[in-house]
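Working notes for the structure below.
The values are calculated or read from the model by the stated rules, or taken from the named source; none is laboratory data. Every value quoted in this text rests on a predicted model; they were computed, and no experiment measured them. Every residue, glycine among them, receives a Cβ derived from its backbone with ideal geometry; neighbour counts consider all protein chains shown. Calculation scope for accessible area: heavy atoms of the full protein, side chains included, ligands and nucleic acids excluded. Shrake-Rupley method; radii C 1.70, N 1.55, O 1.52, S 1.80 Å.
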Amino acid sequence: MKNIIFDVDDTLYDLMEPFQKAHEELFADQTDANCEELFKASRTYSDEAFYMAIEGKISNEDEFAYRIIKTYKDVGIDVKREQAKTFEERYRYHQNHIHVPKEIADILTMCQSDFEKIGVLTNGKVKNQGKKIQKLHLSNWFDQNTMFISDEIGAAKPDVQAFYKVQEAMQLKPEETWFIGDTFEVDVVGAKNAGWHVIWFNHRKRPMPEGNIVPDIEVQTAKELKKALQEI
């Protein structure tokens, strides 16, 4: 029996939806830039800001503003601090209506019965990620003690310690454990360095970075993900 650990953001739900709605309300009339490309850039800057905040280079309060200001600067829009704050407020509002898509819900239900242990490992603050876990009703599939937030365990992906802490808490064997996530640099690199197997859920169709680390399996749709899980 294998074990499956899932990322949350943009893996178990569509992280772009709240971003797109806030973009349409505030900045869509100022640029013809593709919203998905803006979103991808915001995710890159989000990871940057997350680690900068951990290292004390920026405050936690400036973490979200950093990613919005940098994202729109790339397309020639000078976003002020207050505008970034408004974007965050609208983003958080729409984030309160996130849900697990039916295709993913079916996969989680299948994993409950087909795999020995399943869990969640997500980067972020306990306050924010805890709310997402509640909004997504992840307790329908995961026990409370198998959902891990980086802020709570004291290590963040791609640091192998984050994976080791989950491994220890759930008593997992790395050779029998698979991680599923959407972000190559965080999910794939971290899990592979920890000795786990990885399915890269590349539904944003990003190019694979050059280097020695590659996922065991790459899928781009929920249908492909379900088939891969059935085969392992």
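Each of 208, 147, 1 has its accessible area taken with a 1.4 Å probe; listed largest first, they run 1, 208, 147. Within the full protein context, the accessible area of residue 98 is estimated at about 20 Å² for a probe radius of 1.4 Å. Once you reduce the range 83-107 and the range 135-178 to the center of their Cα atoms, the two points are 22 Å from each other.
Accessible-area rank, largest first, for 223, 117: 223, 117, with all protein chains present and a 1.4 angstrom probe.
A Förster radius of 30 Å, combined with the Cβ-Cβ distance separating residue 152 from residue 32, puts the computed FRET efficiency at roughly 0.15. Descending by average beta-carbon neighbour count within 10 Å, the peptides 176-184, 108-116, 126-134 line up as 176-184, 126-134, 108-116, the highest first. Working note: 222 nm ellipticity from helices only, DSSP H runs with n ≥ 4, each -39,500 (n - 2.57), summed and divided by the residues of the chain, gives -14500 deg cm²/dmol to the nearest 500. Starting from the Cα of residue 96, move 7 Å in the Cα-to-Cβ direction to define the label point; list residues of the range 69-88 whose amide nitrogen is under 20 Å from there. What the label zone holds, given the 20 Å backbone N cut-off, is 84-88. Any of 85/192; 21/80; 21/157; 57/223; 70/102 with alpha carbons more than 31 Å apart? Name them for me. Too far apart for the 31 Å limit: 85/192; 57/223; 70/102.
The accessible surface of the range 1-158, taken with every protein chain in place and a 1.4 Å probe, is 45 percent carbon and sulfur.
Residues within the reach of a label modelled at residue 74 (point 7 angstrom out along Cα to beta-carbon, backbone nitrogen below 14 Å), restricted to the range 13-39, are 33-39.
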